[in-house]
Amino acid sequence: MQKRPLGSTGLSVTPICEGTSPLGNFPAQYGYEVGETQAVDTILRILEGPLNFIDTSNNYFDAERRIGIALGKRGGLPQDFVLATKVDPEPGSTDLSGARARASVEESLNRLGLDHLQLVFIHDPELHDFDAATGPGGVVEAMVAMQQEGLIDHIGVAGGPIDLMLRYVDLGVFQAVISHNRYTLVDQSARPLIDATENRDMAFINGAPYGGGMLVKGPDQHPNYCYSPASEATKDRVRRMQDACRQFGLPLAAAALQFSLRESAIASTIVGMSTPKRLDQTLALADTQIPAELWSALDELARVGRSGIEEYSSQTL
Ligand SMILES: NC(=O)c1ccc[n+]([C@@H]2O[C@H](COP(=O)([O-])OP(=O)(O)OC[C@H]3O[C@@H](n4cnc5c(N)ncnc54)[C@H](OP(=O)(O)O)[C@@H]3O)[C@@H](O)[C@H]2O)c1
């Protein structure tokens, strides 16, 4: 796979990144259990395959520990591999102070069996007060300090609401952002964030190209978008996308994945995969030829969602 530069970090990553939130075992969000053996086998398959990028987090349940087991079996990260994680509060707490961010990094290092981290994000900043996060003793100060100390090579912010993400980008201290569910066939509200990161030579990483499952499993099997029930209007729109793809004998998932891959300002697209077979399936979806006529039909349907995330769910996300 042709790698892309990760902003100004000097790192290069494959356009597809393994997302590990499903393999941490998160049945409340994904609707199924993932056992340790399956998760470790998935990571081993990723480490020996053509991708060079894994995204995880301190709070993806058991994901970091399971990745650590796979790294131990394999003897560490392959050369030129990039492993990103995120700082989080302790389970059951909302504290993401600077002190907690340091503790979170220590936990990640221990679970992963590493002595320093290449790329660490502040996770879900929408769950925390911006002034506290950016003030003295806050998480941003701690992240910058850990980078200066050499514990972390590069820092970023990973979250949802675009206006808030733009505020973090404007701080000028981060090298990367992860946005999720907001640059897909259903929603393209991340466009201003993509433009802002491009202007600053920051990496834009796009998580959840299937909206957490709907655009690969279909709205009848997976009626949630962005981890909440989708509106009937959105499910109908996705069914029309499925019909358009069917006319060309193609799976909607190929278009959903390539919708993100074809955007050159996106350094990498994070796909949640929790079984080893998903890797080959994902590579095949990325390689599927999509005719221009189908793109025209899909782009027309996709545009409906540009006004924002409220269109597909009644819940605040
Ligand atoms: N705030 C943040 O930082 C943030 C938020 C959201 C996401 N992310 C990152 O982005 C990643 C991707 O998001 P996501 O996992 O929620 O959503 P996603 O990638 O849109 O969808 C993942 C779902 O699609 C399924 N899937 C993947 N490939 C498939 C295939 N070929 N056939 C059938 N089903 C397939 C997975 O099932 P299986 O489990 O069965 O493989 C999983 O249920 C996360 O894992 C995480 O790393 C970060």
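Tabulated data
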| quantity | calculated |
| --- | --- |
| For residue 233: the one exception among (1) within 10 Å of the ligand (Cβ to nearest atom); (2) touching a residue at least 60 places away in the same chain (Cβ under 8 Å); (3) open to solvent by 10 Å² or more (accessible area, probe 1.4 Å) | (1) |
| Filter pass, residue 8 being open to solvent by 10 Å² or more (accessible area, probe 1.4 Å), of a type in the set (Gly, Ala, Ser) and more than 12 Å from the ligand (Cβ to nearest atom) | yes |
| Criterion (open to solvent by 30 Å² or more (accessible area, probe 1.4 Å) and at pLDDT 95 or above) met by exactly one of 265, 254, 297 | 297 |
| Any hit, the stretch 217-232, residues being closer than 29 Å to residue 154 by Cβ, in contact with a Leu (Cβ under 6 Å, 6 or more places away or on another chain) and in a loop (DSSP other than H, G, I, E, B) | yes |
| Criterion (in contact with a strand residue (DSSP E or B) (Cβ under 9 Å, 6 or more places away or on another chain) and away from the ligand (no atom under 13 Å from the Cβ)) met by exactly one of 265, 292, 302 | 265 |
| Answer residue from the stretch 88-129, given it is in contact (Cβ under 8 Å) with a residue 40 or more places away in the chain and assigned to a loop (DSSP other than H, G, I, E, B) and is farthest from residue 55 (Cα to Cα) among those | 97 |
| Boolean, residue 64 is open to solvent by 50 Å² or more (accessible area, probe 1.4 Å) and among the acidic types (Asp, Glu) | no |
| Selected residue (criterion: farthest from the ligand (Cβ to nearest atom)) from residues of the stretch 192-216 that are among the aliphatic types (A, V, I, L, M) and not in a helix (DSSP H, G or I) | 202 |
| The stretch 174-186, residues that are part of a loop (DSSP other than H, G, I, E, B) and within 12 Å of the ligand (Cβ to nearest atom) | 181, 182, 183, 184, 185, 186 |
| Tally, over the stretch 19-52, of residues that are touching an Asp or Glu at 6+ places or on another chain (Cβ under 7 Å) and buried (at least 23 other Cβ atoms within 10 Å of the Cβ) | 5 |
| Search result, residues across the stretch 155-169 that are open to solvent by less than 10 Å² (accessible area, probe 1.4 Å) and either among the charged types (D, E, K, R) or within 15 Å of residue 119 (Cβ to Cβ) (or both) | 155, 156, 157, 158 |
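Matching residues to (1) more than 16 Å from the ligand (Cβ to nearest atom); (2) open to solvent by less than 20 Å² (accessible area, probe 1.4 Å):
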position: 54; (1), (2): no, yes
position: 73; (1), (2): yes, no
position: 83; (1), (2): no, yes
position: 106; (1), (2): yes, no
position: 109; (1), (2): yes, yes
position: 115; (1), (2): yes, no
position: 138; (1), (2): yes, yes
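The values are calculated or read from the model by the stated rules, or taken from the named source; none is laboratory data. On a predicted model such as this, the values are computed, not experimentally measured, just so you know. All Cβ positions, even for glycine, are placed from backbone atoms using ideal geometry, and neighbour counts span all protein chains on display. Ligands, DNA and RNA are excluded from the accessible area calculation, which covers all protein heavy atoms including side chains. Shrake-Rupley method; radii C 1.70, N 1.55, O 1.52, S 1.80 Å.
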